[in-house]
1. Of the conditions (1) surrounded by 15 or more Cβ atoms within 10 Å (Cβ to Cβ); (2) modelled with pLDDT under 80; (3) outside any helix (DSSP H, G or I), Ala220 clears all except one; give me its number.
2. Could you give me the residue pairs with C-beta distances under 9 Å whose first residue belongs to segment 262-275 and is at positive phi, whose second residue is of a type in the set (D, E, K, R) wherever it lies, and which are 6+ apart or on separate chains?
3. Please enumerate the residues belonging to segment 200-241 that are of a type in the set (Lys, Arg) and more than 23 Å from the chain's Cα centre (by Cα).
4. How many of the residues in segment 1-34 are outside any loop (DSSP other than H, G, I, E, B), touching a Leu at 6+ places or on another chain (Cβ under 9 Å) and surrounded by 14 or more Cβ atoms within 10 Å (Cβ to Cβ)?
5. Tally time: how many residues in segment 308-360 are in a helix (DSSP H, G or I) and more than 20 Å from Val263 (Cβ to Cβ)?
6. Report, by residue number, each residue of segment 246-267 that is in a helix (DSSP H, G or I) and either among the hydrophobic types (A, V, I, L, M, F, W, C) or under 21 Å from Gln356 (Cβ atoms) (or both).
Amino acid sequence: MNVKKFTAPTSREALRKVREALGPDAVILSNRPMDGVVEILALANDDAASLASPVDDAPPGAPHLDLDDGHAAHMARPQAPPMQRPMAPPARPAAPEPMMAARPAMAAAPVPRAPFAQAMQSAPQAMQPMPSAQPAVDMAGITALVAEAVNSAKANAAAEMHGMMSELRAMRGMMETQLAELSWGNTQQREPHKAAVLRELLAAGFSTTLARRLLDKLPAGRGADEASRWIRTVLARNVGAMANEDALIERGGVFALVGPTGVGKTTSTAKLAARCVMRHGPEKLALITTDAYRIGAHEQLRIYGKILGVMVHSVKDEADLRIALKELRNKHTVLIDTVGVSQRDQMVTEQVAMLQGTDVDVKRLLCLNATSTQETLTEVVRAYQGSGLAGGIITKLDEAASLGNVLDVVIRQKLQLFYVSNGQRVPEDLHLAQPAELVERAFRLKKDVSEYTDGELPMLMAAAGNDGLREVHLG
């Protein structure tokens, strides 16, 4: 198979490369994000058709060889017709062949010729009277050769089976992609309103995986407007959000804001601290920072703490954190500002272990940058998941050109939203997450719905899988 790989920053550009290189009838084998880009494996239609036609390179009348039976190749040879000979004395009986039992194994896999020939030469001598120790030595060597041949045959058979299964899986994926593309092409003709809704979902930044799931569950008999309203209702219902601040402000506890560098953890910590101070006073709040890497990072939080009248404690490791939390056990609320770590850094695991290694229940709130791509946000959630996240905060909402990417990740990963942040003002630019408003804003910020052509939609839907998609609650 002449499989070609295409990479591009977006699915649209990757699909265009496929169409330019292989034509509109190309077969999409896989579509997945790889290190910030989209990777598509595709196959030309002619190559896909050649897989379905049998190939037989053997000449007519050639004997059939069965690799599973060591005697098959020997039995398939045509026997010469018997020849008429004059009467002669009876032929002497052939010498016995003590190696006959080892022939099936020898035919199944190649063995070294020199040891085998040496064993055959010594076979006639085995019939002569010899010391009792010599036959045992020869039989041990023969047994080792037979065992080696059997193991080699098993290894070859396992390798062939693995290759055959890989080809079958590739062919199955190709057929599923082709059938899905044909099915969506027919659906696009029968139900054009689904194509219109799909364009809106993709333009708003939602993934093809979630869009395919929603369109599959779309009730029949609905027009384009009705279908769009149903989609928005289902999306809002699947965005989990905190109903009010009592779950966090009134109940109190220990909360740690985590996430990559530059997502706004320190600013969000200051905003939450200001809300707690306004509700309970500065004496009920404590601030802890673990960011000792960036120059002036802890000083920024100290400035916020000085404005609010709250002491800021600095810790370096798990032991310091355990001591600090023990000293602050009488505080109503403790907020921890953690160091920013890339989702691909090993320090993420260490940070999660440090927060979970204390004797106190530390609830982790993940800060999600609304300007990041969907693939990046998915990696962030999976890296910081650990034993479970208490919730999330969407930051930089005012800088995002699209919201569908972050809402898609929140829905697929079943992450509960606490707040959304849309600015640098403390504490004004922090609001409770309202799912319906976020979904409506995502569709208001959508791009041009004509970005994808009619011919690209079936390829997109065929390449969409169910990876990373948890069950969507339809209500």
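The values are calculated or read from the model by the stated rules, or taken from the named source; none is laboratory data. Owing to the predicted nature of the structure, the values given are computational and were not obtained by experimental measurement. For neighbour counting, all protein chains shown are included, and Cβ atoms are generated from backbone atoms with ideal geometry for every residue, glycine included.
1. Condition (1) is where Ala220 drops out.
2. Note: pairs meeting the criteria are Gly264/Lys396.
3. Taking segment 200-241 as the starting set, the residues that turn out to be of a type in the set (Lys, Arg) are 212-213, 217, 222, 229, 232, 237.
Scanning segment 200-241 gives Lys217, Arg222, Arg229, Arg232, Arg237.
4. Summing the residues that are outside any loop (DSSP other than H, G, I, E, B), touching a Leu at 6+ places or on another chain (Cβ under 9 Å) and surrounded by 14 or more Cβ atoms within 10 Å (Cβ to Cβ) in segment 1-34 gives 13.
5. Taking segment 308-360 first, the residues in a helix (DSSP H, G or I) are 308, 318-327, 347-356.
Checking which are more than 20 Å from Val263 (Cβ to Cβ) leaves us with 308, 318-327, 353, 356.
Matching residues across segment 308-360 total 13.
6. Residues satisfying the conditions are Ala247, Lys265.
A quick yes/no check of all residues on (1) surrounded by 18 or more Cβ atoms within 10 Å (Cβ to Cβ); (2) more than 19 Å from the chain's Cα centre (by Cα); (3) at pLDDT 90 or above; (4) more than 23 Å from Lys446 (Cα to Cα):
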site: Asp345; (1), (2), (3), (4): no, no, no, yes
site: Leu365; (1), (2), (3), (4): yes, yes, yes, yes
site: Leu368; (1), (2), (3), (4): yes, yes, yes, no
site: Thr378; (1), (2), (3), (4): yes, no, yes, no
site: Ile394; (1), (2), (3), (4): yes, yes, yes, no
site: Val410; (1), (2), (3), (4): yes, no, yes, no
site: Ser421; (1), (2), (3), (4): yes, yes, yes, no
site: Gln424; (1), (2), (3), (4): no, yes, no, yes
site: Glu428; (1), (2), (3), (4): no, yes, no, yes
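Listed here are the residues, each with its yes/no results for (1) surrounded by 15 or more Cβ atoms within 10 Å (Cβ to Cβ); (2) out of contact with any strand residue (DSSP E or B) (no Cβ under 9 Å at 6 or more places or on another chain); (3) modelled with pLDDT of 85 or more.
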residue: Arg190; (1), (2), (3): no, yes, no
residue: Ala195; (1), (2), (3): yes, yes, no
residue: Ser207; (1), (2), (3): yes, yes, yes
residue: Leu214; (1), (2), (3): yes, yes, yes
residue: Ala227; (1), (2), (3): yes, yes, yes
residue: Arg232; (1), (2), (3): yes, yes, yes
residue: Ala236; (1), (2), (3): yes, yes, yes
